[in-house]
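Take a look at the structure below.
The values are calculated or read from the model by the stated rules, or taken from the named source; none is laboratory data. Note that the coordinates shown come from a computational prediction; the quantities given were computed from them, not determined experimentally. No Cβ is skipped: glycine too gets one built from the backbone with ideal geometry, and neighbour counts run over all protein chains shown. These area figures cover heavy atoms from the full protein model, side chains too; ligands, DNA and RNA do not enter into them. Shrake-Rupley method; radii C 1.70, N 1.55, O 1.52, S 1.80 Å.
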Amino acid sequence: MPADRRHAGDRGGRSELVASANAYRATVTVLVALLPDRPPFGVLEAGTTPLGLGGAIARPGAVAAGVGFGLGAFTVLGVRERALGKGAERISADARAGLRTGVRVCDFRKFCGPSPFPEPIVVSMTQNFDVAVLGGGAAGLSGAVSLCRSRRSVVVVDAGSPRNAPTDAVHGFLSREGISPVELAKIGRAEVERYGGLVLPATAVAARRTDRGFEVTLDHGQTITARRLLVTTGLTDELPDVPGVAERWGRDVVHCPHCHGWELRDRAVGVLATHTEWAMRQALMFRQQTPEVTFFQHTAPALTEQQAAQLSAWGIPVVTGSVASLEVADDRITGLRLADGTVVACSAVTVAPRLVANSALLKGLGLEPAAHPMGVGESIAADPTGLTEVPGVWVAGNVTDVMAQVMSSAAGGASAAAAINADLIAEDTELTLRVLSRDHWEERYESGKRVWSGKPNPQLVATATDLPPGTALDVGSGEGADSVWLASRGWKVTGVDVAQAALDRAARHADEAGVDVTWQRADVTAWQPAPAQFDLVSAQYLHLPRPAREALIRRLATAVRPGGTLLIVGHHPADLKVATLRRPPLPHLMFTAEEIAGVLDPAEWDLTTAAPERPATDPDGQPITRTDAVLRAVRRAAG
């Protein structure tokens, strides 16, 4: 609408990436700059910064502030040698213990004023969230709190410019009557952070589907990934093009009698009509609050006889002709000036802005706004829970309901959050059943492609290299690399797997290597190995629900001879925080070495637990770090 002036929360404006620690305790800011004319800083070891955040400072002559403090937090992964030179990727232990997430492109000069710092440093963002909430108004923050309380990893992306920012107070919100929009948002962000969520000051500008969910691009170039999206970006109020309207919007130029009627009671209210039906509703509703209501025809289509009669019944005069401007004196509206120069007195004005959903970022997902039935704007269609036509994308608040007030927007966010959590649970349940099924592994090993590298697992090599050959049990033997390696070193090996296709492959590899291995198909969740028959029992990367896992470890322990070794290796839960590794999001199937060590009696076993890291590459060939959970248990000799 070229003739309209647009006013909205600045969803497309610059985000304030540098904010006060009190306002954004969990906000991630990574400021990296060379200080050529200052003493070197060195490396800040594990601990906290003066702001109380876990910190890391990289390399003398450079400073990097980061955080590493709980679910959803960002940590500094490293900075490009392009600016910092060699050795720049030395990171504190505190940061490495965090969520392995970085922030991209933060130019200190843009947000903190002039400085001697050179160009900003770019760091990659790598964490995958369960849910990205795009928009931090009442709907988004309400949904985020609900999801965080369901123990979901959540990031809220919001530039901090809500639609209702121009007004002084929020009304109609039970227990928060009269609170300022800024204070309400501040409280909401604090609640999100209290339950482990992350509030990121930024603007989402685009979204696309990936094989792992969604990738969202932010206005400063960084990206975040999430399994589900809750879009709560609100709407833009396209105001009538009348001088003075935009400047006084939210003060004495309003649109909602339920939001502002009480504050304008007994005042002279002018209804500036651009949409006849809506203006009629406003006139009649404001008449409930004040006896002085004037209907200005302005650019709206002519009244019907019935509409004119309704206004007349309430004593509401109709002024024809277009309005040229607002009259203001001493920072107060005194009237409306018509195109012919006539001034009609009033002290407040109500308008009918065109309500347009802030939905541009959804276009990349194939979602387009639909016209409102009353013709007052456009929004994104959704079912009662907020689910759109695109699976995995929910909407709540004004982006889908242009008439929603603050409290109903918050309710919509909570409703969408409940549906999202249920959807994730259903997906994870289905995925768990699939990865635990024999059919899944038969299909995978029958694919014709090599599933694993063909090399023995490094933790097995580290453990068995110095052991004298004896009898070995390889549980979950897969394509047989571990079994073949042990057999080539003189061990008498039995390899066990649930998938016959895996055993067939393993047998071919053993023949090619010229070694003898006994292969056995068994469902290890119910299989009982012979007691005290093996000098080494190895289970590499078997992931089961906790009860089944602990029962299996107990059964495998009985198979170890006195003096023998039980080696249990799994993917550490830390791997789930490396988004590009693309582990199935099933933390209940993963474990730490300390957790599984608790299954064994320390009076009978010498236990060693570890979480070693090792370099690897992700499916795209990029370098990453994997973490293993390793339990080495040696059964003590009798007596």
For region 301-339, how many residues are touching a Ser or Thr at 6+ places or on another chain (Cβ under 9 Å) and not in a helix (DSSP H, G or I)? 22
In region 473-492, residue surrounded by the fewest Cβ atoms within 10 Å (Cβ to Cβ) [restricted to those that are of a type in the set (A, V, I, L, M, F, W, C) and without any contact (Cβ under 8 Å) to a residue 60 or more places away in the chain]: Trp485
So if I check each of Thr203, Thr210, Thr232, which one is closer than 30 Å to Cys148 by Cα and touching a helix residue (DSSP H, G or I) at 6+ places or on another chain (Cβ under 6 Å)? Thr232
Looking at region 154-201, which of the residues that are closer than 26 Å to Phe214 by Cα and among the hydroxyl-bearing types (Ser, Thr, Tyr) is most open to solvent (accessible area, probe 1.4 Å)? Tyr195
Contact list please: Cβ distance under 8 Å, first residue in region 452-472 and part of a helix (DSSP H, G or I), second residue open to solvent by 20 Å² or more (accessible area, probe 1.4 Å), pairs at least six apart or on different chains. Pro458/Arg614; Gln459/Pro612; Leu460/Trp485; Val461/Trp485; Thr463/Arg632; Ala464/Arg489
Here the qualifying pairs (Cβ atoms under 6 Å; residues six or more apart or on different chains; first in region 364-379 and in contact (Cβ under 8 Å) with a residue 24 or more places away in the chain; second in a helix (DSSP H, G or I) and of a type outside the set (A, V, I, L, M)) come out as Val376/Trp278
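Residues checked against (1) closer than 17 Å to Thr565 by Cβ; (2) of a type in the set (Val, Ile, Thr):
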{"residue": "Thr471", "(1), (2)": "yes, yes"}
{"residue": "Asp511", "(1), (2)": "no, no"}
{"residue": "Val515", "(1), (2)": "no, yes"}
{"residue": "Gln528", "(1), (2)": "no, no"}
Specify the residue that is farthest from Leu589 (Cα to Cα); the eligible residues are those in region 386-443 that are open to solvent by 20 Å² or more (accessible area, probe 1.4 Å) and among the polar types (S, T, N, Q). Gln405
Counting only residues in region 566-585 that are modelled with pLDDT under 90 and in a loop (DSSP other than H, G, I, E, B), the one most open to solvent (accessible area, probe 1.4 Å) is identified as Arg582
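Tell me the residue from Thr342, Thr299, Thr350 that is within 21 Å of Cys256 (Cβ to Cβ), among the β-branched types (Val, Ile, Thr) and open to solvent by 30 Å² or more (accessible area, probe 1.4 Å), please.
Matching residue, one of Thr342, Thr299, Thr350: Thr299.
To keep it simple, each residue is scored yes or no on (1) aliphatic (A, V, I, L, M); (2) out of contact with any helix residue (DSSP H, G or I) (no Cβ under 7 Å at 6 or more places or on another chain).
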residue	(1), (2)
Gly364	no, yes
Leu367	yes, yes
Ala371	yes, yes
Met374	yes, no
Ala381	yes, yes
Pro384	no, yes
Gly392	no, yes
Val402	yes, yes
What are the residues in region 177-227 that are polar (S, T, N, Q), in contact (Cβ under 8 Å) with a residue 60 or more places away in the chain and under 25 Å from Asp401 (Cα atoms), if any? Thr203
Has region 389-404 got at least one residue that is of a type in the set (Ser, Thr, Tyr), within 28 Å of Tyr541 (Cα to Cα) and touching a strand residue (DSSP E or B) at 6+ places or on another chain (Cβ under 9 Å)? no
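Okay, residues lined up against (1) part of a helix (DSSP H, G or I); (2) more than 25 Å from Met407 (Cβ to Cβ); (3) at pLDDT 95 or above:
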{"residue": "Leu229", "(1), (2), (3)": "no, no, yes"}
{"residue": "Asp237", "(1), (2), (3)": "no, no, no"}
{"residue": "Asp241", "(1), (2), (3)": "no, yes, no"}
{"residue": "Glu263", "(1), (2), (3)": "yes, no, no"}
{"residue": "Trp278", "(1), (2), (3)": "yes, no, no"}
{"residue": "Arg281", "(1), (2), (3)": "yes, no, no"}
{"residue": "Gln289", "(1), (2), (3)": "no, no, no"}
{"residue": "Thr294", "(1), (2), (3)": "no, yes, yes"}
Out of Thr625, Thr609, Thr525, Thr592, which single residue is of a type in the set (S, T, N, Q) and more than 30 Å from Leu424 (Cβ to Cβ)? Thr609
Leading residue by the ranking (farthest from Pro573 (Cα to Cα)) among those in region 596-623 that are open to solvent by less than 40 Å² (accessible area, probe 1.4 Å) and touching a Lys or Arg at 6+ places or on another chain (Cβ under 9 Å): Trp605
Number of the condition not met by Val356 [criteria: (1) at pLDDT below 95; (2) open to solvent by 40 Å² or more (accessible area, probe 1.4 Å)]: (2)
Among the residues of region 101-159 satisfying the criterion of being part of a loop (DSSP other than H, G, I, E, B), of a type in the set (S, T, N, Q) and at pLDDT below 95, which is nearest to His588 (Cα to Cα)? Ser153
Give me a count of the residues in region 493-540 that are in contact (Cβ under 8 Å) with a residue 60 or more places away in the chain, open to solvent by 10 Å² or more (accessible area, probe 1.4 Å) and not polar (S, T, N, Q). 6
For Val271, are the conditions met, namely being in a loop (DSSP other than H, G, I, E, B) and either crowded, with 16+ Cβ neighbours inside 10 Å or polar (S, T, N, Q) (or both)? no
Consider region 467-491. How many of its residues are touching a Lys or Arg at 6+ places or on another chain (Cβ under 9 Å), over 13 Å from Leu536 (Cβ atoms) and hydrophobic (A, V, I, L, M, F, W, C)? 1
Which residue, of Val537, Val524, Val515, is part of a loop (DSSP other than H, G, I, E, B), within 18 Å of Trp491 (Cα to Cα) and of a type outside the set (S, T, N, Q)? Val515
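Can you go through Arg228, Arg265, Arg194, Arg251 and tell me which one is touching a Pro at 6+ places or on another chain (Cβ under 9 Å) and basic (Lys, Arg)?
Going through Arg228, Arg265, Arg194, Arg251 in turn, the sole match is Arg251.
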Quick check on my filter: what residues within region 245-266 are farther than 24 Å from Thr299 by Cα and open to solvent by 80 Å² or more (accessible area, probe 1.4 Å)? His258, Trp262, Arg265, Asp266
